[in-house]
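Quick note: the coordinates plus some simple rules give every number you see, no bench work behind them. Just so we're clear, the structure is a prediction, and the values are computed from it rather than from any experiment. Neighbour counts run over all protein chains shown; Cβ positions are idealised from the backbone, glycine included.
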Amino acid sequence: MISTAIRVARVGSAAELAAAALMMLGFPALMLAALVPSVYAFAAAAAVTYLADHYLHRKGSYLVNRLSKVRAGLSIRFLIRELLLILLLARMSFADNLIYYGAVACFIAFYGLQAPHGALVTLIRNRRRMPVATRNVDLKSRIRIPDAPPRYLLNRSAEKMLHLDLAAVAGILVAAAMKSSVPGFIGIGITLFLGCLYVGALVPYIRGRKIPPNAEKVLAAVDDWLREYGPETVLYFSGSKDSAYQVNMWLETMEQLDSKPLVILRERVILANLAPTTCPVICVPGGVHLMNMELSTVRVALYAANVGKNIHMLRVPTMKHVFIGHGDSDKLASVNPFSKVYDEVWTAGRAGRDRYAIADVGVRDDDIVEVGRPQLAPIQTRQSVPAAEGQCPTVLYAPTWEGWDGNPGNTSLVLAGENIVKKLIASDPPVRVLYKPHPFTGTVSKEAGAAHRRITALVEKAAAERAADPRFAVDAAALQQARSDLARIEARLAELSGTAGDRGDEAEATRDGVVDLGRHEEVARLRGEWNDAYWRSFSAYEHRVISGAEPRLYDCFNVCDAMVSDISSVVSDFIASGKPYAVTDSAELGVEEFKRQNTAVRAAVILSNSAAELGELLSAVRSPAADALAEDRKELKEYLLGPDEPTSIEQFNAAVADLALKAQSRNLGQESRSAGGAPGADELSDQLSPAQPVPAAGEPDGTKQH
């Protein structure tokens, strides 16, 4: 029942639910105490509402956010408490007492201070919000960006300001209990003094050298840096907070480009969730600012998602535009008709090309280039057969989420998930189960969320039973050492990464956002060590639920011997390992039709919702002789992901270089035609050079206007 209430109230825990209930009950209790009247009951109820409100705000509770939508926001709740205190004084016959008028005057003056306080906070935040935010871009030598105000001034400022009434409320309650005005006026004086002090402390940050440069100067500095750096290949991305992984997966590839990379983002929330990178990053929320930006040296623009804001970059004719996507699967998103707006569409292997041909959505075969999947380089191929070495095989269950359309074929969780996990847990000889659900699981379908919770409970129960089974002996000393290593590494990573309080605001992060290469390399090394320590920190027999960003999905690929999943890019990526895998036909299309519709399952064991076919997968894991699909997987791997040689990053770099030359050829041709002639092939060849600046569209003289 508690879990149902938590879900309905959309709170994160039982403690949060209790705090919400106490806060809601506290205000009627305040009214009752004021009417009785009872100073002590009022004081107790007030304390409960203060503490519950503070706790819910600190937790960022959804319920608190909803209250503001129904005109019961933070300021209203404080005002109601103060009005009820006035009612208490009136009911206790203090209406003719000086403390009564002092309390009324105090609260009027206190709320009068809210306006300048709120205005100053808003003004400071607006002035410190940069027209563009950057990482790894040296603006420090070009413009002066002052330090951010102390976090204690701006962080949750409205809540802090309102809580200054505590002194007045406490003083007035003491005055009512003691029948003396002195404590009340002391509390009133403290509240008004602190309120004025808070407002005064904000004033210096709206004037003089504490204000960042205006938008024109910032944009000019960014353009100066762009002219000096001369970016040649841009990764462009726009999306919601939850889509940050789509750009993060390409950052390492951008770092390995032979040309000069630049990442352009359109939403500040994406920048906040961007993975660490050595690439220069510019976040440009304004479309006009982007269109005026100095990008004349860019020859290739890469797009990881089909979104409306892509048009702001697609309009530039001096660069070639490429859709690279954020995964390779048989889902409809992989053949979006919007893709025909790009000069080229890059796919991992031949399968992507064939997908577009079958879909017939207007993407020409000549415009498709096979470049492999550079992100798959960390995925290791099968090295040995665990059963032959006396080890317990590991099977990863990584279902995708339920999707938006309610199609039963989207995920195996609802209809088959429990059957899959039960059969894996009961397998004899035993296997270890790793369950890694999609992070969006349960966001649309309650049934999927409930199935996920049941599967989690199954895995955790089986893990506890196995831990108590004497057949599965563990080296306690080794586990303890691994856990010690894990704690040490996490402490160092936290030290290197810092906290939110260390990073200041957007302006300060832009100023100081140039990556420390030594620290970056140490973080990368420590993450590798963390991954190794994590897998050593529990038994090789132990079933495990793996949620959160770490360990990454590819790390799970490397420690497992087989995988069960659904139709998604996860399957296409896992094929790079060459290991056996199974895919669930949740929509019950039948084996032949399922394989016809989904290329990535042609070398998979196809599971029905009963998961009765799992034995075939487990046999392939335990014995190469029983692995009937091994050759099929090799062929499918090349078809889906391209050949192993040249490497994918080499293919990707070659494609970038080839397209850059095409862009340069087009630009030189345009220049020649504008001058009244047409260059010959030899002349073009002599003139071609990577990233030669040309005027951007609509700017024949190459100048910029902000």
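Once you place label points 7 Å from the Cα toward the Cβ at Arg483 and Val341, how far apart are they in nm?
Computed distance between label sites Arg483 and Val341 equals 5.3 nm.
Add +1 for every Lys or Arg and -1 for every Asp or Glu among the other residues with Cβ under 11 Å from the Cβ of Phe440, and state the total. Provide the component values of the computation, followed by the final result.
Values: positive: none; negative: Asp242, Glu402.
Local charge sum for Phe440: -2.
Going by average Cβ neighbours within 10 Å, how do the peptides 230-242, 396-408, 508-520 rank, with the highest at the top? Could the numbers behind the result be given before it?
On the way: 230-242: 20.4, 396-408: 18.7, 508-520: 15.8.
Highest mean packing first, the order is 230-242, 396-408, 508-520.
If packing is taken as the average count of other Cβ atoms within 10 Å, what order do 651-658, 212-219 fall into, highest mean first?
Values: 651-658: 18.9, 212-219: 17.2.
The peptides rank, most packed first, as 651-658, 212-219.
Taking N as the number of residues in the stretch 445-517, what value does Rg over Cα atoms divided by 2.2 N^0.38 Å take? Each step should come with its number before you reach the end.
On the way: Rg = 21.2 Å, N = 73, 2.2 N^0.38 = 11.2 Å.
Against the empirical 2.2 N^0.38 Å value, I get 1.89 for the stretch 445-517.
Relative to the first principal axis of the alpha-carbon coordinates of the chain, what is the inclination of helix 476-497, with its axis defined by its Cα atoms, in degrees from 0 to 90 and to the nearest 10?
Rounded to the nearest ten degrees, it is 70.
Measure of size requested: the Rg and Dmax of the stretch 230-376, with Cα atoms as the atom set and Å as the unit; please supply both.
Taking only Cα atoms of the stretch 230-376, I get Rg and Dmax of 14.6, 40 Å.
With a bin width of 10 angstrom, please list the P(r) values of the stretch 479-538 as percents of all Cα-Cα pairs, from the 0 bin to the one holding the largest distance.
P(r) over the stretch 479-538, rounded to whole percents: 22, 40, 25, 12, 1.
So what are the ³J(HN,Hα) numbers for the stretch 75-92, from phi and the Karplus equation (6.51, -1.76, 1.60; θ = phi - 60°), rounded to whole Hz, Gly and Pro as x?
Coupling constants for the stretch 75-92: 4, 5, 5, 5, 5, 4, 4, 6, 5, 5, 5, 4, 4, 4, 4, 5, 5, 8 Hz.
Taking H placed 1.01 Å from N in the peptide plane, check which residues at least 5 places from Ile546 or on another chain put their amide H under 5 Å from its amide H.
When sequence neighbours closer than 5 places are left aside, the close amide H contacts are Tyr435, Lys436.
Say the cut-off is 28 Å between C-alpha atoms; which of Lys436/Lys634; Lys634/Lys662; Lys241/Lys423 go over it?
Among Lys436/Lys634; Lys634/Lys662; Lys241/Lys423, the Cα-Cα distance tops 28 Å for Lys634/Lys662; Lys241/Lys423.
Helix 98-128 against the longest principal axis of the chain: what's the angle in degrees, Cα atoms only, rounded to the nearest 10?
30 degrees
Contour minus end-to-end for Lys662 and Glu588, with contour as 0.36 nm per residue of separation and end-to-end as the Cα-Cα distance?
Numbers: separation 74, 0.36 × 74 = 26.64 nm, distance 4.71 nm.
Here the answer is 21.9 nm.
So what's the angle, to the nearest 10 degrees on a 0 to 90 scale, between helix 166-178 and the longest Cα principal axis of the chain?
Once rounded, the angle reads 30 degrees.
Based on the Cβ-Cβ distance of Leu123 and Ala220, what FRET efficiency does E = 1/(1 + (r/R0)^6) give at R0 = 22 Å, to the nearest 0.05?
Details: r = 23 Å, r/R0 = 1.06.
That gives a FRET efficiency of 0.40.
Please get the size of the charge dipole for the stretch 487-637, origin at its Cα centre, with Cβ charges of +1 on Lys and Arg and -1 on Asp and Glu, quoted in debye to the nearest 20. Provide the component values of the computation, followed by the final result.
Numbers: 18 positive and 28 negative charges, 78 e Å.
Roughly 380 debye, rounded to the nearest 20.
Take every DSSP beta bridge with both residues inside the chain and express the antiparallel ones as a percent of the total, to the nearest 5.
Values: 3 of 40 bridges.
Taking every DSSP beta bridge with both residues in the chain, the antiparallel ones total about 10 percent.
In terms of modelled amide H atoms, which long-range or inter-chain residues lie less than 5 Å from the amide H of Arg432?
Thr394, Val395
For a bin width of 5 Å, list the pair-distance distribution of the stretch 124-175 built from all Cα-Cα distances, rounded to whole %.
Cα pair-distance distribution for the stretch 124-175, in percent: 4, 13, 16, 15, 13, 10, 8, 6, 5, 4, 3, 2.
Which one, Met92, Ser674, Ala473, is farthest towards the positive end of the dipole of the chain when Lys and Arg carry +1 and Asp and Glu -1 on their Cβ?
Projecting each Cα onto the dipole axis, the largest value belongs to Met92.
Between Glu255 and Arg364, what's the calculated FRET efficiency when r is the beta-carbon distance and R0 is 30 Å? Round to 0.05.
Details: r = 31 Å, r/R0 = 1.04.
For R0 = 30 Å, the calculated efficiency reads 0.45.
Between Lys461 and Ala549, what is the FRET efficiency for a Förster distance of 22 Å, r being their Cβ-Cβ separation, to the nearest 0.05?
Working: r = 26 Å, r/R0 = 1.16.
After rounding, the FRET efficiency stands at 0.30.
Given charges of +1 on the Cβ of Lys and Arg and -1 on the Cβ of Asp and Glu, with all other atoms neutral, how large is the dipole of the stretch 230-376 about its Cα centre, in debye to the nearest 20?
Details: 15 positive and 17 negative charges, 80 e Å.
The calculation lands at about 380 debye.
On the principal axes of its Cα set, how long, how wide and how thick is the stretch 2-210? Give whole Å, largest value first.
Principal axes ranked by extent give 66, 48, 23 Å for the Cα atoms.
Ranked highest first by average number of other Cβ atoms within 10 Å, how do 283-296, 418-431 line up? Each step should come with its number before you reach the end.
Details: 283-296: 19.4, 418-431: 17.6.
Descending packing order for the listed peptides: 283-296, 418-431.
Just subtract the alpha-carbon distance of Ile143 and Ser608 from 0.36 nm times their residue separation and send over the number in nm, one decimal. The partial results should precede the final answer.
Details: separation 465, 0.36 × 465 = 167.40 nm, distance 6.28 nm.
The Ile143-Ser608 span can extend by a further 161.1 nm.
Taking semi-axes √(5λ) of the Cα gyration tensor in Å as the quantity of interest, determine which of (1) 54, 25, 24; (2) 45, 35, 24; (3) 53, 40, 22 was computed from the displayed structure.
The listed entry that was calculated here is (3).
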